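First comes the structure, then the notes that go with it.
The values are calculated or read from the model by the stated rules, or taken from the named source; none is laboratory data. All values derive from a computational prediction rather than experimental measurement. Because the Cβ atoms are built from the backbone with ideal geometry, glycine has one as well, and the counts that use them run over all protein chains shown. Please note that ligands, DNA and RNA were not included when accessible areas were found on the heavy atoms of the full protein model with its side chains. Shrake-Rupley method; radii C 1.70, N 1.55, O 1.52, S 1.80 Å.
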Amino acid sequence: HSGYARHEGGCVHHRSARLFDDGTMVVIDRITGEGEHSARLHWLGGPYPHTGDPAHGAMTLHTPKGDYGVAVFDRTGAPFAGTVVRGQTEPPRGWVSRYYGEREDVPSLAVEQRAKCPLEFVTVLGEGPLEVSVEGGRWTVRAAGATHTFDWQEAIEAV
């Protein structure tokens, strides 16, 4: 997405997603450009009960098919602090509107960072509790009993 390229710093948003066979997904958002900038990543959940873990940039949706987690990390695997809200009015956040004039409150996870470019967010989405570890640029993601690995450099080159 190059909609911000015309502004100071010439920032461009790049996104890469990897879907594993069991439904676990890793999404890498990378903002390139010049200088220091603020970036906010926002995930909107579905109409399910939820628990939030804002200190670890995570929320869990409690669906009829089981728990589904969303967690956001930096490039080293450290979790981002964030906020989780539902049906907030000031400012408006945590709403979905599938039809004009109707709205439904849903959980909303947001994380922010301010840093020199590139700014990077790694989101892991999957069933059950999510576990992430990083060693020497090699990521290991565990979700619903499955284990997946990927190399950070290879993932970034795909973005």
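Could you please find all residues in region 49-79 being closer than 21 Å to R114 by Cβ and either in contact with a helix residue (DSSP H, G or I) (Cβ under 8 Å, 6 or more places away or on another chain) or charged (D, E, K, R) (or both)? Within region 49-79, A71, D74, R75, P79 meet the criteria. Among the listed residues E154, E120, which satisfies the condition of being over 17 Å from the mean Cα position of the chain (by Cα) and not in a loop (DSSP other than H, G, I, E, B)? Among E154, E120, only E154 is over 17 Å from the mean Cα position of the chain (by Cα) and not in a loop (DSSP other than H, G, I, E, B).
Considering only residues that are modelled with pLDDT of 95 or more and either in contact with a Gly (Cβ under 7 Å, 6 or more places away or on another chain) or hydroxyl-bearing (S, T, Y) (or both), which ones fall in region 49-65? Within region 49-65, T51, A58, M59, T60, L61, T63 meet the criteria. Note on region 51-87: residues that are small (G, A, S), touching a residue at least 24 places away in the same chain (Cβ under 8 Å) and open to solvent by less than 60 Å² (accessible area, probe 1.4 Å) amount to 8. Residue count for region 6-54, restricted to those that are part of a strand (DSSP E or B) and not polar (S, T, N, Q): 25.
So, R103, is that one touching a helix residue (DSSP H, G or I) at 6+ places or on another chain (Cβ under 9 Å) and open to solvent by 30 Å² or more (accessible area, probe 1.4 Å) or not? No, not satisfied. Within region 110-122, take every residue that is open to solvent by 40 Å² or more (accessible area, probe 1.4 Å) and touching a Ser or Thr at 6+ places or on another chain (Cβ under 7 Å) and give me the one that is nearest to H13 (Cα to Cα). Here the residue is P118. Within region 123-144, being open to solvent by less than 20 Å² (accessible area, probe 1.4 Å) and either more than 17 Å from the chain's Cα centre (by Cα) or within 11 Å of R75 (Cα to Cα) (or both) holds for T123, W139. With respect to being within 25 Å of G137 (Cα to Cα) and open to solvent by 40 Å² or more (accessible area, probe 1.4 Å), R40 fits the description. For the structure I just gave you, tell me whether T147 is among the hydroxyl-bearing types (S, T, Y), open to solvent by less than 60 Å² (accessible area, probe 1.4 Å) and assigned to a strand (DSSP E or B). No.
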